[in-house]
């Protein structure tokens, strides 16, 4: 009798040499054996497909796309093939840490409440800056669905980070509309923040995957011309509008934090790129997007804040702390009013 896998390992790959072999080896070395690994090659031209042809373990299912689907098209395809109730993302250039990573992942999900839909591991390894240091210090073990929009607005994509940090209930990807393939740089940020309206998100410091940074990784080549700016702004605008609907008194604080976090910091990077490499495309794109972003203050105030915050490098923690505290105070007041009404 065929035993259904307990966990599906989701591995999209495109030109994965020389890292894909280490990724697969880390799966094969796991103590926990009831898994399936789904690898979808997105049109590699570097010999990755020849390597995949050498894999004979029946638990590894390989798909070769006839045309490149994009990262999120490839992920949507893989999630449709997964058989286990829980899936773990594992990008081709990353690998499991130690032989008990799957034991820890499975044990976590076996004890997770049904309302928890996504878990972010490796939180201790979040890229260090003042805001992420505050994030690590202040983040609870579980972010309830009522809180996720604020947390994503305050901390942005660093809340979930790299895809390989994430495990989730498999059926939720299709249930909540899948990854948007028209957002090749921000599709994961958009989807996690969208799904977070309906499910809780677990935050675990424990490292289960080594996330590798190298010159060919997306973190290096994306956003050189501001490609990420507009896509992030679309996601953040929706978060802002939904937060403003329920917390209208927080408008200025939301715009203040949004300006520092999503304009001043990006403006520093854009100006640095212009001065060092003579590339003004990033700055032009940032100005175009910022002039139309509802979550930002007007242009004159954006420049004032840029200089006052030294390019967004100070002030973000103060506005983040204020927003979180104001949110909790508002929530507490609403709860107290409901109690009074019930009596």
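The values are calculated or read from the model by the stated rules, or taken from the named source; none is laboratory data. All figures in this text were calculated on a predicted structure; none of them were measured in a lab. We place every Cβ from the backbone using ideal geometry, glycine too, and count neighbours over all the protein chains shown.
Things to note:
The rows are residues; the columns are (1) buried (at least 21 other Cβ atoms within 10 Å of the Cβ); (2) without any contact (Cβ under 8 Å) to a residue 40 or more places away in the chain; (3) under 18 Å from residue 94 (Cβ atoms).
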| residue | (1), (2), (3) |
| --- | --- |
| 177 | no, yes, no |
| 182 | no, yes, no |
| 185 | no, no, no |
| 188 | yes, no, yes |
| 193 | yes, no, no |
| 197 | no, no, no |
| 201 | yes, no, no |
| 206 | no, no, yes |
| 209 | yes, no, yes |
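- Test set (1) buried (at least 18 other Cβ atoms within 10 Å of the Cβ); (2) within 24 Å of residue 197 (Cα to Cα); (3) at pLDDT below 95 - residue 338 fails condition number: (1)
- Yes/no for residue 265 being within 21 Å of residue 196 (Cβ to Cβ) and in a helix (DSSP H, G or I): no
- Taking the criterion of being touching a residue at least 60 places away in the same chain (Cβ under 8 Å) and buried (at least 18 other Cβ atoms within 10 Å of the Cβ), the only residue of segment 296-316 that qualifies is 316.
- Subset of segment 160-191 [assigned to a helix (DSSP H, G or I) and modelled with pLDDT of 95 or more]: 163, 164, 165, 171, 172, 173, 175, 187, 188, 189, 190, 191
- Of the residues in segment 104-117, none is more than 18 Å from residue 166 (Cβ to Cβ) and under 20 Å from the mean Cα position of the chain (by Cα).
- Qualifying residue in segment 226-243 (condition: outside any helix (DSSP H, G or I), within 21 Å of the chain's Cα centre (by Cα) and modelled with pLDDT under 95): yes
- Selection within segment 268-310 - under 27 Å from residue 251 (Cβ atoms) and not in a helix (DSSP H, G or I): 291, 292, 293, 294, 295, 296, 297, 298, 309, 310
- Hits in segment 281-293 - residues which are more than 9 Å from residue 226 (Cβ to Cβ) and surrounded by 14 or more Cβ atoms within 10 Å (Cβ to Cβ): 287, 290, 293
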